[in-house]
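Shown next, in structure tokens, is the structure this report addresses.
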Amino acid sequence: MNSLPLTEPVLLVLLSLAEQSRHGYSILKDVEQMSEGRVKLSTGTLYGALRRLLDEAWIERVEEDESPRDRRPYRLTSRGRRNLQLEVQRLKHLTKLAALRIARKEA
Amino acid sequence: MTCLYRFLLYLYPPSHRREYAEEMIAVFRDAQADVGLGSCRERISFRTRETLGLLAGAVQEHLRIFSGRSPMISFTRYDMRPEFRFPKSTVFLMSVIFCGVMIAMKEASAVQAKYGSASDSMWRTFPGFAGLTFSFALVAVAIVWAILFALGRTGVHRLANIQPGLKQE
């Protein structure tokens, strides 16, 4: 997790947390919805990704007294948000480049 | 399916289980309830995905701990004796076992060359012999695991941490 590019599941998990804090099941459903059903994460994959993101301090647990232990929400840290922005910029550049190349070939 | 899920979670390192098992089970239950309303194909796909996801996740977690790339290792029960995870003597023992296997193969070749056709009948009984050996090995591993598990439960390994000079207040 030291460098970009990110894998698709990790990118989608980060995007899911970009808007608001979410717990595991909410992330799972949001990822499926964002990818229009194409990416369905298993709980093993999800918690592997969450553990790595926590280790790298890209996300953190939201400590709420009322939230039960099996539904702890996660949110992006400033570091995670910065890295997500970098990844989005990289993808934008790649998309722009691809569009240019394809247009040149067609012309 | 939840029972199988709980069972498969035991493949994960204890530190991961302590930290995430409850959450994973809760998320799995919610996801299973969702899929329960779907078609048979969706249910099979869900179960396959979950099983493979858990197996792959467990392997990755063990590899992560084995390679020692993460500070999360310090949450494991055997931190008090880090050498327990992979003692240096293991390398020596593995070398000895490897040499033993090589010698056994060489001896087997010599026996085959000496007795020729008589060895054909021996090969007929080999699958049974191999199965029996494998079963014994499984039983032995299960017994050792049960002993270690029972010791872990009793907390005997923590006795080494007691400092005799300290008085309790």
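The numbers here are math on the coordinates, done by the rules we state, and not lab data. Quick caveat: nothing in here was measured; it's all calculated off a predicted structure. Cβ atoms come from the backbone with ideal geometry, glycine included; neighbour counts cover every protein chain shown.
So what's the back-of-envelope 222 nm ellipticity for chain A, counting only DSSP H runs of four-plus at -39500 (n - 2.57) apiece and dividing by all residues, rounded to 500?
About -20000 deg cm²/dmol.
Calculate the FRET efficiency for B:LEU4 and A:ARG38 from the Cβ-Cβ distance with a Förster distance of 22 Å, rounded to the nearest 0.05.
With R0 = 22 Å, the Cβ-Cβ based efficiency is 0.25.
What does the charge add up to near A:SER42, with Lys and Arg as +1, Asp and Glu as -1, over the other residues with Cβ less than 13 Å from its Cβ?
+1
List every residue whose amide H lies under 5 Å from the amide H of A:ARG22, counting only residues 5 or more places away in sequence or on a different chain, with H placed 1.01 Å from N in the peptide plane.
When sequence neighbours closer than 5 places are left aside, the close amide H contacts are A:TYR74.
Scan around A:ILE59 for amide H atoms under 5 Å from its own, H built in the peptide plane at 1.01 Å from N, and keep only partners 5 or more places away or cross-chain.
Residues meeting the amide H criterion: A:LEU54, A:THR77.
Using DSSP to define loop residues, name the GluC sites (Glu not before Pro) in the range A:1-43 whose beta-carbon has at most 13 other beta-carbon atoms within 10 Å.
Those satisfying the criteria are A:GLU36.
Write out the trypsin sites (Lys or Arg not before Pro) in the range A:17-84 meeting two conditions: DSSP loop, and at most 11 other Cβ atoms within 10 Å of their Cβ.
A:ARG38
What's the tally of Lys pairs in chain A whose alpha-carbon atoms lie under 27 angstrom apart, where the two lysines are 8 or more places apart or on different chains?
Qualifying lysine pairs in chain A: 5.
Just subtract the alpha-carbon distance of B:SER109 and B:ILE44 from 0.36 nm times their residue separation and send over the number in nm, one decimal.
The B:SER109-B:ILE44 span can extend by a further 18.6 nm.
Arranged from highest to lowest average of other beta-carbon atoms within 10 Å per residue, in what order do the peptides B:58-65, A:88-95 appear?
The peptides rank, most packed first, as B:58-65, A:88-95.
So which GluC sites (Glu not before Pro) in the range A:50-107 pass both tests, a DSSP loop state and at most 16 other Cβ atoms within 10 Å of the Cβ?
Here the sparse-neighbourhood loop sites are A:GLU56, A:GLU63, A:GLU64, A:GLU66.
So, in nm, how far is label B:LEU63 from label B:SER95 when the simple model puts each one 7 Å beyond its Cα toward the Cβ?
Computed distance between label sites B:LEU63 and B:SER95 equals 2.7 nm.
When Cβ neighbours within 10 Å are restricted to other protein chains, what is their mean count per residue of peptide A:20-29?
Other-chain Cβ atoms within 10 Å of each residue's Cβ, averaged: 3.
Specify, per residue and in Å³, the volume enclosed by the convex hull of the alpha carbon atoms belonging to the range A:8-106.
Taking the convex hull of the Cα positions in the range A:8-106, it is 109 Å³ per residue.
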